[in-house]
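Worksheet: one structure, shown below.
Here, each number is a calculation from the coordinates, and none is a lab measurement. This is a predicted model, so every value here is computed, not measured. Every residue, glycine as well, gets a Cβ built from its backbone with ideal geometry; the counts of neighbours run over all protein chains shown.
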Amino acid sequence: MDVIHTQNQLIQTLKGLTHIAFVPTMGNLHEGHIKLIQEASKVSRNIVVSIFINPLQFNSKEDFKNYPRTLKEDLSILKELDIPFVFAPSEEDILDSLETIEIKLPGIANDLCGKFRPGHFNGVATIVCKLFNLIQPDIAFFGKKDFQQLFLIKVLVKQLNYPIEIVGIDTVRDHDGLAKSSRNNLLSQEDRKKAPQLFEQLNAMKEKVIQKTSSFNEIEAHALSVLNTSGWSVDYLSIRSAQSLENPVHDENQIVILGAATLGSVRLIDNIEFCIQD
Ligand code: PAF
């Protein structure tokens with residue numbers, strides 16, 4: 001396994017390689033990342049996994065500081081998976097000290113998670129563009145747990161004409177439904193027991209949307225109050241069009257319900273995508 005730490009080294013190593021499959025990560029690898037890698041392995045042997053905890057996408061210094069850093073363990077997982085190339089640059093190598101160029105994302109980037117984490121998706125877009133430019137993959141894999149991120153990356157690739165296929169991979173869950181996330185390890189024992197409540201509420205909301213017994217506002221308000229009463233601090237629980245991420249128009253069939261909520265000091269996100277009628 002080639003572990004590459006600088007962009008120059010990366011460019012030299014990948015020169016002449018074809019059909020590159022790329023899995024971008026911030027490390028602390030779990031089964032969700034492993035699923036992305038397994039899917040990448042099905043389409044190419046030339047897999048690049050990046051590990052970079054991107055400061056540009058954290059809007060709280062504390063959150064950035066507390067983000068789990070487990071490079072040694074991550075590398076041994078990747079070795080086990082027989083990954084040929086790992087790109088783990090330093091901040092100095094991949095970021096410019098000025099970083100004045102910003103990608104203008106569609107308005108939806110300032111809604112949902114973007115509303116509560118201002119600038120987050122601009123930070124994601126910047127690093128993803130840098131990685132795409134350096135690695136020049138043919139195909140890249142992203143988790144559907146970060147539904148809004150995946151949506152915006154598809155827009156980015158389309159509007160900036162990157163010749164890259166973007167593949168969304170289903171969320172991997174623990175036995176109790178909790179979506180796998182690097183943040184789960186930061187939960188206290190008591191909060192870990194409560195954490196599946198977020199997905200439970202998304203499921204309960206889905207049933208009500210399908211049954212059409214209440215308005216979307218009522219469904220959202222009820223789930224929000226259930227979680228708040230149970231000790232969560234909810235940023236949003238929102239029923240949206242899976243196509244546009246906007247509020248569903250009349251008779252919209254493809255729906256996604258997205259949620260973000262904090263337990264203790266750990267912010268979790270999740271979503272559930274479905275059709276009202278098959
Ligand atoms: O989803 C993530 O882990 C990050 O947002 C990404 C895509 C690696 C960019 O830093």
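Points worth noting:
- Cα-based helix-to-principal-axis angle, 147-159 vs the chain, degrees rounded to 10: 50 degrees
- Nearest 10 degrees, 0 to 90: helix 216-229 Cα axis against the chain principal axis: 80 degrees
- For the stretch 173-226, the convex hull drawn through the C-alpha positions has a volume of 87 cubic angstrom per residue.
- Kirkwood-type radius of the stretch 162-278, with distances r between different C-alpha atoms, in Å: 15.1 Å
- Counting every pair of alpha carbons in the chain, the share spaced more than 23 Å apart comes to 55 percent.
- Computed packing ranks the peptides 189-196, 10-17 as 189-196, 10-17, most packed first, by mean other Cβ atoms within 10 Å.
- Extension gain from Asp93 to Val3, taking 0.36 nm per residue of separation minus the Cα-Cα distance: 30.9 nm
- Cβ-Cβ distance of Asn203 and Asp138, R₀ of 35 Å, FRET efficiency by 1/(1 + (r/R0)^6): the value works out to about 0.45.
- A simple charge model with +1 on the Cβ of Lys and Arg, -1 on the Cβ of Asp and Glu and nothing else charged puts the dipole of the stretch 60-210 at about 520 debye relative to its Cα centre.
- For the stretch 117-197, the Kirkwood hydrodynamic radius from C-alpha pairs, put into Stokes-Einstein at 4 °C and a viscosity of 1.567 mPa s, yields a diffusion coefficient of 89 µm² per second.
- For the stretch 38-109, the fraction of C-alpha pairs farther apart than 17 angstrom is 61 percent.
- Euclidean distance of C-alpha centroids, the stretch 11-70 and the stretch 126-175, integer Å: 11 Å
- For the stretch 1-126, average projected area of the Cα convex hull in nm²: 8.8 nm²
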